[in-house]
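Following: one structure in structure tokens, then a few remarks.
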Amino acid sequence: MSNEKKEPGVDRRGSPRHEAQCEAHLLFIASPVAVEAQLPRHTLIGHTRDISEKGLSLVAASTHVSDYDLCELGSLLRVKLSLPLGVAEMDTEVIRSEWLDQDDPRKGYFLGVQITEISDEDRGRYSQYLEGLQGIG
């Protein structure tokens, strides 16, 4: 069940999305922003489905009941995205969340996140990666 109302034919992304799956997905680790100073109790680990300048579609490999607070709409997550040029860290806000398969939670969880903050250095690394994707697709 999705936490977002969907209107047919409406694309809310605001910037082009690029499938970032090719031969391998981009791996990510996400943890609550507020816990940055300490070791987080819970983290989500998974891969991207697609990415854009403004946001990411993430698939968490497995989500436990204790992770639900990370997946709620409006949750703030620090995402560490593994790129070929190095790790890019960004603060994000969850804008969509749902099970990939309602009948089989082991298949994972889908999160749509919007980038809210990213350092200039990480933005450069991330933008360079996106530019490389434009030549592919």
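When residues of the range 60-74 are filtered for being at pLDDT below 90 and either part of a strand (DSSP E or B) or more than 11 Å from residue 108 (Cα to Cα) (or both), how many remain?
Going through the range 60-74 one residue at a time, the tally reaches 9.
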Flag for residue 46 being in a loop (DSSP other than H, G, I, E, B) and either modelled with pLDDT of 90 or more or in contact with a strand residue (DSSP E or B) (Cβ under 6 Å, 6 or more places away or on another chain) (or both): no
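Is it the case, given these coordinates, that residue 91 is modelled with pLDDT under 90, within 14 Å of the chain's Cα centre (by Cα) and either of a type outside the set (S, T, N, Q) or outside any strand (DSSP E or B) (or both)?
no
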Subset of the range 95-137 that is exposed (fewer than 11 other Cβ atoms within 10 Å of the Cβ) and in a helix (DSSP H, G or I) - its residue that is modelled with the lowest pLDDT: 136
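The values are calculated or read from the model by the stated rules, or taken from the named source; none is laboratory data. Small disclaimer: the values here were computed from a predicted structure and weren't measured. All Cβ positions, even for glycine, are placed from backbone atoms using ideal geometry, and neighbour counts span all protein chains on display.
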